[in-house]
Ligand code: SAH
C-alpha cells in the first residue's frame, strides 16, 4: 500500500527521523504495561511499541486512510478507528495506563484537558506537541507561558520538557518547532479543596491574566472578602498551585 497523503485538517505531519521516534518511545517509564497511542499515522512510533511484547497496546486513529495503512502493515495491532476526544477511556483499560503520541497539534489543548479529566486513569503522558504548548505545560509561576494548563496539570503531574525537535524532520514540515514532554502522575490523590471550584478559579484568573485577581475573579460572583489584600493584588501568573488551592479553600469557607 502506498503512503498516506498528509491531510492538513487532521494535523498530519509525519515524523521521518527514526532516532527521534525511538527516543520518544524510550521515554516511557518501564513500569508501564498499558499504553494508548494517539494518532499513529503510518506508525513511526507504533513499530517500536509493538515490539514490546509485555505491553497491552492499542492505538486510536481518526484517519481512515491511516487506519487502512496500519491494518496492512501491522496486522496484529489493535486499531481503534475514531476520535480520541470522543473516545470513552473507561472502556479500554481497567487499570491505569500511559498515553503516547506525536499528537495532532490542532487538538493539543483538548488532549491535555482530557488527560486532566482522566487524571486517576492516566499515569503518564509522553509525546510531541508544538514547542509553545510544550513550554506552557512545563512552565512554572512567573513565566510568560505559565497558564491554565500549567496549573491544572502540575497539580497532578510532574512535568518535564525533554527535548526540542526541528520542523525539518517531518513530512510535510510544520510551521513551528516541536518539543517532546513527559508528564508523570504525582501522588496527590485530591487537592483537599473543591476541585471544580479550583478549576473555575484558575480559569477565571488566567482568562484575564493582565488583571489583578481582585478584578479577574469578580466574574465568578463568589465571596472574595476573606482572601488577603496581598493575594488579591497579584495576577494569576504569579501564583503557585498551592496558592490557587489556598484561594479556593478560602472561598469555599465563605459559601
Ligand atoms: N504519529 C504519526 C502521525 C502524527 S500526525 C507520526 O509521528 O508520524 C497526527 C496524527 O493524529 C495523524 O495520523 C492524524 O490522522 C491523527 N489524528 C488527528 N486528529 C485525531 C483525533 N481526534 N483522534 C485520533 N487521531 C487523530
Selection from the range 61-109 of residues that are surrounded by fewer than 13 Cβ atoms within 10 Å (Cβ to Cβ) and under 21 Å from residue 157 (Cα atoms): 90, 94, 95
Answer with yes or no whether residue 223 is within 25 Å of the chain's Cα centre (by Cα) and over 19 Å from residue 146 (Cα atoms). no
Quick check on residue 28: is it more than 14 Å from the ligand (Cβ to nearest atom), under 29 Å from residue 160 (Cα atoms), surrounded by 12 or more Cβ atoms within 10 Å (Cβ to Cβ) and at pLDDT 95 or above? yes
Can you find even one residue in the range 72-86 that is under 21 Å from residue 180 (Cβ atoms) and modelled with pLDDT of 95 or more? yes
Residue 191 being out of contact with any strand residue (DSSP E or B) (no Cβ under 8 Å at 6 or more places or on another chain) and closer than 30 Å to residue 97 by Cβ: yes
Which residues, taken from the range 37-87, are within 13 Å of the ligand (Cβ to nearest atom), free of Cβ contacts under 8 Å to residues at least 24 places away in the same chain and under 23 Å from residue 117 (Cβ atoms)? 59, 61, 80, 81, 82, 83, 86
Out of (1) closer than 23 Å to residue 156 by Cα; (2) modelled with pLDDT of 95 or more; (3) surrounded by fewer than 18 Cβ atoms within 10 Å (Cβ to Cβ), the one residue 209 does not meet is (2)
The conditions are (1) under 18 Å from residue 132 (Cα atoms); (2) in contact with a helix residue (DSSP H, G or I) (Cβ under 9 Å, 6 or more places away or on another chain); (3) surrounded by fewer than 19 Cβ atoms within 10 Å (Cβ to Cβ); (4) free of Cβ contacts under 8 Å to residues at least 24 places away in the same chain, and residue 150 fails exactly one of them. Which is it? (3)
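To keep it simple, each residue is scored yes or no on (1) part of a loop (DSSP other than H, G, I, E, B); (2) touching a helix residue (DSSP H, G or I) at 6+ places or on another chain (Cβ under 7 Å); (3) farther than 30 Å from residue 10 by Cβ; (4) at pLDDT 95 or above.
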| residue | (1), (2), (3), (4) |
| --- | --- |
| 174 | yes, yes, no, yes |
| 183 | no, yes, no, yes |
| 203 | no, yes, no, yes |
| 219 | no, yes, yes, no |
| 244 | no, yes, yes, yes |
Quick check on residue 108: is it in contact with a strand residue (DSSP E or B) (Cβ under 6 Å, 6 or more places away or on another chain), within 13 Å of the ligand (Cβ to nearest atom) and more than 11 Å from residue 60 (Cβ to Cβ)? yes
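The values are calculated or read from the model by the stated rules, or taken from the named source; none is laboratory data. None of the values given here were measured: they were computed from a predicted structure. A quick note on method: Cβ atoms are made from the backbone with ideal geometry, for glycine too, and the neighbour counts reach across all protein chains shown.
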